[in-house]
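The values are calculated or read from the model by the stated rules, or taken from the named source; none is laboratory data. Everything quoted here is computed from the prediction, not taken from an experiment. Cβ placement follows ideal geometry from the backbone for every residue including glycine, while neighbour counts extend to all protein chains displayed.
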């Protein structure tokens, strides 16, 4: 918990110090009130006392109460400032940290858990700070000060107060031991509920298409019921505190007045007045001591969950990223990609996904990758932007190992189009000009040119606001093919040295695919193109085609060469091309 507090800035630490000062003022003024109350009690029972003297003491009481109220307002204001700023920097820190995570770290935590940690967990700790700056500081000061005030007044009263406090502490200890382990479960169950909710929202079309609403409803209800049961146990258990506190509070007051009545009865007339005043003051101070512990109980109620949340936040912030930033910003060559004996296996996996892959793509070349599903095509291409790092061997971009690059500098060399087209909430222009490539933002003309090359001009200009048309998150208001074309336009607008297309033409019809590749080849003639594809038609004109099978490179060459020399490639071609197309491609090979 305290590791998180180190992230507070100087201004917030000053605010916290102001809280401490005004809490001390507040406690002092509150504890002065019983003194004036005692003096008023004595004056009322003393012959010859004037109303002016009583009103004077009463006026001091009013001033103390008003001063205490003002101090409470100041403490509340600055405590809220500190808590709000803490929440802000925590969310920012988690967001920035997650932004540096590689695919491995994201999968380790899961998306739903990271969302919960950024929102719910931060809120739990923020609540603790907001209340803690008031109660956790005020309670010990008030308790200590009140105990000093009543120390030595009367042994019997002191014993009654001590017994009440001990009973309260024992009750707290028992209840906390019961609920603390449950709060760890609560946050995990919240993650699970978040995951199911996200699945239901993102997969709503499939759910409806398969009439699986009832199934999803039952799955959600099961997770919701489990969370409810744990929360009910916690709330019912902690609910015992309220009646216990009331019982102890009432019992303590009754004990003090009962003991006081016995003492007053046995005392002489002069001591009776003093004992009565002492009893009123002691009762007030004893209540202050008890109230101090009750304030701490309020913190104990939210502390267990906040403590679990703090640990979950620290897990994210203290996770060591596997993908380390290098120092190199420029390469030795331009537009080259080379794999040297590269092997890769996923963390905790026993077998390699890729084994001993070697090839080189030179500037201006188009290199394609094909193979059956699960052959390692996308995994291979993902090693270039360092979504993962190679287990063995070297991946070189412009003659430099990708591990040596500053990640930002490496990404500025690449125009990456993912297998699943990603569309962000915003306009078409926002999506095409997305990101920073170390140059000026693409101009309006550049954006239009990129969209035209990507064959998106027709549908974009039919939209009501054209390039300023709003796109929903994940592109839910456009088709799959339109999303792919905007994603391709985003890469084109960067003017990178190296284009990476990870099965980025799959949603396009054959005609659009053919025209797009033709225009793309003209536009990117000085750049290197790396294309992962399932369709022979998409890659048959590539300068070099690499055939993968079960993570191994089983063929490399042009389309015609592979038809002659690679049986696996020929099988793929036979499954996709007509006999006449295949015979035409094989002419002259015999």
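Identify all residues within region 538-555 that are over 10 Å from residue 371 (Cβ atoms) and either free of Cβ contacts under 8 Å to residues at least 60 places away in the same chain or over 40 Å from the mean Cα position of the chain (by Cα) (or both); write none if there are none. So that I can check it myself, show each step before the final result.
As a first pass, look at region 538-555 and keep what is over 10 Å from residue 371 (Cβ atoms): 538-545.
Result: 539, 540, 541, 542, 543, 544, 545.
For residue 56, indicate whether it is within 30 Å of residue 281 (Cα to Cα), at pLDDT below 85 and not in a helix (DSSP H, G or I).
Considered against the rule, which asks whether it is within 30 Å of residue 281 (Cα to Cα), at pLDDT below 85 and not in a helix (DSSP H, G or I), residue 56 comes out as no.
How many residues does region 505-531 hold that are touching a residue at least 12 places away in the same chain (Cβ under 8 Å) and part of a helix (DSSP H, G or I)?
11
For region 160-181, indicate whether the set of residues that are part of a helix (DSSP H, G or I), closer than 30 Å to residue 473 by Cα and out of contact with any strand residue (DSSP E or B) (no Cβ under 8 Å at 6 or more places or on another chain) is non-empty.
No, every residue in region 160-181 fails to be part of a helix (DSSP H, G or I), closer than 30 Å to residue 473 by Cα and out of contact with any strand residue (DSSP E or B) (no Cβ under 8 Å at 6 or more places or on another chain).
Here is a yes/no grid of residues against (1) farther than 21 Å from residue 361 by Cβ; (2) touching a helix residue (DSSP H, G or I) at 6+ places or on another chain (Cβ under 6 Å):
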| position | (1), (2) |
| --- | --- |
| 469 | yes, yes |
| 511 | yes, no |
| 517 | no, no |
| 521 | no, no |
| 524 | no, no |
| 541 | no, no |
| 564 | yes, no |
| 576 | yes, yes |
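How about region 478-528: which of its residues are out of contact with any strand residue (DSSP E or B) (no Cβ under 6 Å at 6 or more places or on another chain) and under 19 Å from residue 444 (Cα atoms)?
Once the filter is applied, which keeps residues that are out of contact with any strand residue (DSSP E or B) (no Cβ under 6 Å at 6 or more places or on another chain) and under 19 Å from residue 444 (Cα atoms), region 478-528 yields 485, 486, 489, 490, 492, 493, 495, 523.
Which one of the conditions (1) in contact with a strand residue (DSSP E or B) (Cβ under 9 Å, 6 or more places away or on another chain); (2) part of a loop (DSSP other than H, G, I, E, B); (3) more than 24 Å from residue 439 (Cα to Cα) does residue 455 fail to meet, given that it meets all the rest?
If we test residue 455 against (1) in contact with a strand residue (DSSP E or B) (Cβ under 9 Å, 6 or more places away or on another chain); (2) part of a loop (DSSP other than H, G, I, E, B); (3) more than 24 Å from residue 439 (Cα to Cα), just (1) comes out false.
Condition test on residue 505, is it buried (at least 23 other Cβ atoms within 10 Å of the Cβ) and under 32 Å from the mean Cα position of the chain (by Cα)?
Against the criterion (buried (at least 23 other Cβ atoms within 10 Å of the Cβ) and under 32 Å from the mean Cα position of the chain (by Cα)), residue 505 does not qualify.
I'm trying to understand the selection: among the residues of region 96-124, which are part of a helix (DSSP H, G or I), over 8 Å from the mean Cα position of the chain (by Cα) and surrounded by fewer than 17 Cβ atoms within 10 Å (Cβ to Cβ)?
Going residue by residue through region 96-124, those that are part of a helix (DSSP H, G or I) are 96-100, 103-109, 111-124.
This time we only want the ones that are over 8 Å from the mean Cα position of the chain (by Cα), so: 96-97, 99-100, 103-109, 111-112, 120-124.
Of everything in region 96-124, those that are part of a helix (DSSP H, G or I), over 8 Å from the mean Cα position of the chain (by Cα) and surrounded by fewer than 17 Cβ atoms within 10 Å (Cβ to Cβ) turn out to be 96, 99, 100, 103, 104, 106, 107, 108, 111, 123.
Residue-by-condition table, conditions (1) surrounded by 14 or more Cβ atoms within 10 Å (Cβ to Cβ); (2) out of contact with any strand residue (DSSP E or B) (no Cβ under 6 Å at 6 or more places or on another chain); (3) modelled with pLDDT of 80 or more:
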{"position": "190", "(1), (2), (3)": "yes, yes, yes"}
{"position": "196", "(1), (2), (3)": "yes, yes, yes"}
{"position": "209", "(1), (2), (3)": "no, yes, no"}
{"position": "215", "(1), (2), (3)": "no, yes, yes"}
{"position": "218", "(1), (2), (3)": "no, yes, yes"}
{"position": "235", "(1), (2), (3)": "no, yes, yes"}
{"position": "239", "(1), (2), (3)": "no, yes, no"}
{"position": "243", "(1), (2), (3)": "no, yes, yes"}
{"position": "254", "(1), (2), (3)": "no, yes, yes"}
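For the list (1) more than 22 Å from residue 171 (Cβ to Cβ); (2) modelled with pLDDT under 75, I need the number of the one condition that residue 311 fails.
With (1) more than 22 Å from residue 171 (Cβ to Cβ); (2) modelled with pLDDT under 75 applied to residue 311, the lone miss is (2).
Evaluate the following for residue 21: is it modelled with pLDDT of 80 or more, assigned to a helix (DSSP H, G or I) and buried (at least 18 other Cβ atoms within 10 Å of the Cβ)? Working first, answer last.
Working: modelled with pLDDT of 80 or more: yes; assigned to a helix (DSSP H, G or I): yes; buried (at least 18 other Cβ atoms within 10 Å of the Cβ): no.
No.
Restricting to region 63-79, name every residue that is touching a residue at least 24 places away in the same chain (Cβ under 8 Å), surrounded by fewer than 16 Cβ atoms within 10 Å (Cβ to Cβ) and under 32 Å from the mean Cα position of the chain (by Cα).
Selection gives 76 alone.
For region 410-429, name all the residues that are more than 17 Å from residue 527 (Cα to Cα), surrounded by fewer than 20 Cβ atoms within 10 Å (Cβ to Cβ) and in contact (Cβ under 8 Å) with a residue 40 or more places away in the chain.
418, 419, 422, 424, 425, 426, 427 - these are the residues of region 410-429 that are more than 17 Å from residue 527 (Cα to Cα), surrounded by fewer than 20 Cβ atoms within 10 Å (Cβ to Cβ) and in contact (Cβ under 8 Å) with a residue 40 or more places away in the chain.
Among the listed residues 398, 389, identify the single one that is surrounded by 15 or more Cβ atoms within 10 Å (Cβ to Cβ) and on the phi > 0 side of the Ramachandran plot.
Selected residue: 398, the only one of 398, 389 that is surrounded by 15 or more Cβ atoms within 10 Å (Cβ to Cβ) and on the phi > 0 side of the Ramachandran plot.
Consider residue 30 carefully, then state whether it is crowded, with 18+ Cβ neighbours inside 10 Å, out of contact with any strand residue (DSSP E or B) (no Cβ under 9 Å at 6 or more places or on another chain) and modelled with pLDDT under 80.
Here the answer is yes, as residue 30 does meet what is asked.
Does residue 93 satisfy the condition of being under 32 Å from the mean Cα position of the chain (by Cα), at positive phi and modelled with pLDDT of 75 or more? Step through it out loud before you land on a result.
Values: under 32 Å from the mean Cα position of the chain (by Cα): yes; at positive phi: no; modelled with pLDDT of 75 or more: yes.
No: the conditions fail for residue 93.
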